[in-house]
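The values are calculated or read from the model by the stated rules, or taken from the named source; none is laboratory data. Bear in mind that the values here come from a model prediction, so they are computed numbers and not experimental data. Glycine gets a Cβ as well: all are built from the backbone with ideal geometry, and neighbour counts include every protein chain shown. Remember, those area values only see protein heavy atoms, side chains included, never the ligands or the DNA or RNA. Shrake-Rupley method; radii C 1.70, N 1.55, O 1.52, S 1.80 Å.
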Amino acid sequence: MVTAFWWGFRGGKDSMALLELLARRARIYKPRFSVVAVHVVMTNIPYQSDVDYLRAFALELGVPFVVYETGFDASTDSRKSPCFLCSWNRRKALFTVAKEQGCNKIALGHHMDDILETLLMNLTFQGAFGTMPPRLVMKKFDMTIIRPMCLVHEADLTELAVLRGYRPQVKNCPYEHDSHRNSMKGILRQLEAMNPEARYSLWGSMSNVQDDLLPRKSVTGDLPER
């Protein structure tokens, strides 16, 4: 069983497209799977979601719709940003619902732009070369996270949303401007202005790591002088 995730803060187009694609794919006999749509509501975030519209959208596709409420207190961990805490608690909620529904996979609506922006953020702020993988096996939870739209461009999803008439959700997240993702969107556009193939170069770099041309990990002498 696969559970599709509604990404409420992002306006809905990514997760709505994902749900439609999964629902249509589930009608094909092989491989056989079922889909459950989960809408996670953060009670301490004043965003507005039209739950009736989302439920009708899911039921029209023949997909059960589950609403799960949770929240978090940003003051409990000053070392983490509110965006991180919100994402972490939403992810925990997904694991809870997936287990309750007997699912073994959680499908997230991240597209290629999301993955490349995360790569750039990790390089810039974490000093790490990593991002959100298309498939991640969580052995501890007996669950697998999948990102079926990992090769889809955000621009294509925006066009699809217009063609399908997806109704956007209202964004009222008080922490939205604290995130660096919007800045990374701009940087990705700048890179593509310099090289129209930049996104494909970035994507290819993740499977073309040239270890012999990188500093040795255990030798502090390889670190550049400040």
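With the alpha-carbon atoms of the chain aligned to their principal axes, the span from lowest to highest coordinate is 59, 43, 37 Å, starting with the largest. Largest GNM mean-square fluctuation among ASP212, ASP14, ASP156, using the chain with Cα springs under 10 Å: ASP212.
Between GLN190 and LEU151, the distance separating the two model label sites (each 7 Å from Cα on the Cα→Cβ line) works out to 3.0 nm.
Straight-line cross-link reach from LYS80 at under 24 Å between alpha-carbon atoms covers these lysines, not counting any fewer than eight positions away in the same chain: LYS92, LYS140, LYS171, LYS185. 3J(HN,Hα) couplings calculated from phi for the range 61-67 with the Karplus curve 6.51 cos²θ - 1.76 cosθ + 1.60 (θ = phi - 60°) are, in sequence order, 8, x, 10, x, 10, 10, 10 Hz; Gly and Pro show x.
Per-residue extension of 0.36 nm, minus the Cα-Cα distance of MET206 and GLU100, leaves a gain of 34.7 nm for this segment. In a reduced charge model with +1 at each Lys and Arg Cβ and -1 at each Asp and Glu Cβ, the range 1-147 shows a dipole moment near 680 debye about its Cα centre. Solvent-accessible surface of the chain, averaged per residue with a 1.4 angstrom probe and all protein chains in place: 59 square angstrom. Between the Cα long axis of helix 181-194 and the first principal axis of the chain there is an angle of about 60°, rounded to the nearest 10. The amide H of VAL67, built 1.01 Å from its N in the peptide plane, has HIS39 as neighbours under 5 Å, considering only residues 5 or more places off or on other chains.
Positive-end ranking of ILE145, LEU123, PHE95 along the dipole of the range 82-180, with charges on Cβ about the Cα centre, is headed by PHE95. Within the shell of other residues whose beta carbon sits under 13 angstrom from the beta carbon of ASN122, the net charge comes to -1, with Lys and Arg scored +1 and Asp and Glu -1.
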